[in-house]
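All of the numbers you see were taken from the coordinates with simple rules; none came from a lab. In this text, all values refer to a predicted model and were calculated from it rather than measured experimentally. Cβ: placed from backbone, ideal geometry, glycine included. Neighbour counts: every protein chain shown.
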Amino acid sequence: MHGKLRIAAGVLLAAAIFFGGYAAGQAKYGQPKTIIHISLIKWKADASDADKAKVLSSFKEMVGKIPGVKNIWTKPSRMQPRDFHTAFAIEFENRAAADRYATDRAHEAWSKEFLAIREASISPQITNE
């Protein structure tokens, strides 16, 4: 009887290790309540590289002045639609921070500079709220 108990314990241990490894290997993800704002940008044909670089550099300064910005992304790795030239993304702590961004004086001042060389942009916001 003692031998059968050892075999059963060994089988249970092996099964626990196997299923534990299987469970640990499953994808883990969260659904944060933050707001992600993405802007796809198409530059005007006559926009200089210096003007584009200045606007993107001043973007970093601008978002640093607005409370509630958690993170930014400034280097797109793939563009779709393909006729757009660049993109950036902002993660806001919550809806109030995203709404504040839209009307903040720093954003309004930056937008004047940005709109002068932008032909078109698409700016959806995504959340799990």
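Quick check on my filter: what residues within segment 61-81 are in a loop (DSSP other than H, G, I, E, B), of a type in the set (D, E, K, R) and within 16 Å of residue 38 (Cβ to Cβ)? Scanning segment 61-81 gives 75, 78.
Going by what's in this entry, would residue 90 be described as touching a helix residue (DSSP H, G or I) at 6+ places or on another chain (Cβ under 9 Å), touching a residue at least 12 places away in the same chain (Cβ under 8 Å), in a strand (DSSP E or B) and surrounded by fewer than 16 Cβ atoms within 10 Å (Cβ to Cβ)?
Working: touching a helix residue (DSSP H, G or I) at 6+ places or on another chain (Cβ under 9 Å): yes; touching a residue at least 12 places away in the same chain (Cβ under 8 Å): yes; in a strand (DSSP E or B): yes; surrounded by fewer than 16 Cβ atoms within 10 Å (Cβ to Cβ): no.
Answer is no for this residue.
Would you call residue 97 assigned to a strand (DSSP E or B), touching a Pro at 6+ places or on another chain (Cβ under 8 Å), under 18 Å from residue 61 (Cα atoms) and touching a residue at least 24 places away in the same chain (Cβ under 8 Å)? Judged against the criteria, residue 97 is not a match. If the condition is being surrounded by 14 or more Cβ atoms within 10 Å (Cβ to Cβ), in contact with a Lys or Arg (Cβ under 6 Å, 6 or more places away or on another chain) and farther than 17 Å from residue 80 by Cα, then segment 99-129 contributes 106, 117.
Listed conditions (1) in contact with a strand residue (DSSP E or B) (Cβ under 7 Å, 6 or more places away or on another chain); (2) part of a helix (DSSP H, G or I) are all met by residue 126, apart from (2). Output yes when any residue across segment 101-108 is among the hydroxyl-bearing types (Ser, Thr, Tyr), touching a residue at least 12 places away in the same chain (Cβ under 8 Å) and in a helix (DSSP H, G or I), and no when none is. Among the residues of segment 101-108, at least one is among the hydroxyl-bearing types (Ser, Thr, Tyr), touching a residue at least 12 places away in the same chain (Cβ under 8 Å) and in a helix (DSSP H, G or I), which makes the answer yes.
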